[in-house]
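Chemist: Once you've had a glance at the structure underneath, I'll fire off some questions.
The values are calculated or read from the model by the stated rules, or taken from the named source; none is laboratory data. On a predicted model such as this, the values are computed, not experimentally measured, just so you know. Every residue, glycine among them, receives a Cβ derived from its backbone with ideal geometry; neighbour counts consider all protein chains shown.
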Amino acid sequence: MRITRSKMALRFPVQIAAWMLLTVLAFACDRAVEPYVPGEKPEQPDLSRIFPEGAERAAQKGGEAKPGMPAAPGAPTDQGGAPVAGAEGEPLRGTITLAPDFERKVPAGAILFLIARKGEGGGPPLAVKRVESPLFPMDFTIGPDDRMIKAMPFAGPLQLSARLDADGNAMTRAPGDLQGQTPAPHQPGESDIAIVIDQVL
């Protein structure tokens, strides 16, 4: 008799626990599913509740613009301020001249390298133009077609420098090479930029 009562005492809490588990599962599975309506036609979900207004237009333009992401400083943007996928800045134009008395210092057979770098002149070149047998004063144009990496946007501010290189190798600098740069960075599309070669390495 004692054994039977012990078994019943053990079985009772188990039954309560099982009942509680079934109750929890019943409430957890309540997904508020609406009843099926015969003849109901499927419709596209209302995406405006998920995506903000204008997100679908950005996706149609190439999918690279993300809602809420600001454009890089100087990068082209659309009317809403979002970066324009694949947009390229306009070329920079100007004139390169030699400082007084520098004509006699030009190395024989020197190659001119015109270089555009992001910001204040630090970092790798964004665009490079190579000119053989330059004649001064020389008009120049440097733009997206001269980029080292085509995937990089041609966006300002850009620091311009010009170097007359004796061995024609842009990666080396030898004593006697001449160079000059713009005093301040410029934005793509600017013209009448003046570069004076006035330094001797």
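Chemist: Select from the range 119-174 the residues that are of a type in the set (S, T, N, Q) and at pLDDT 90 or above and write down the one among them that is surrounded by the fewest Cβ atoms within 10 Å (Cβ to Cβ).
Modeler: Ser133
Chemist: Which of the residues spanning the range 101-140 are among the β-branched types (Val, Ile, Thr) and over 15 Å from Gln181 (Cα atoms)?
Modeler: The answer is Val106, Ile111, Val131.
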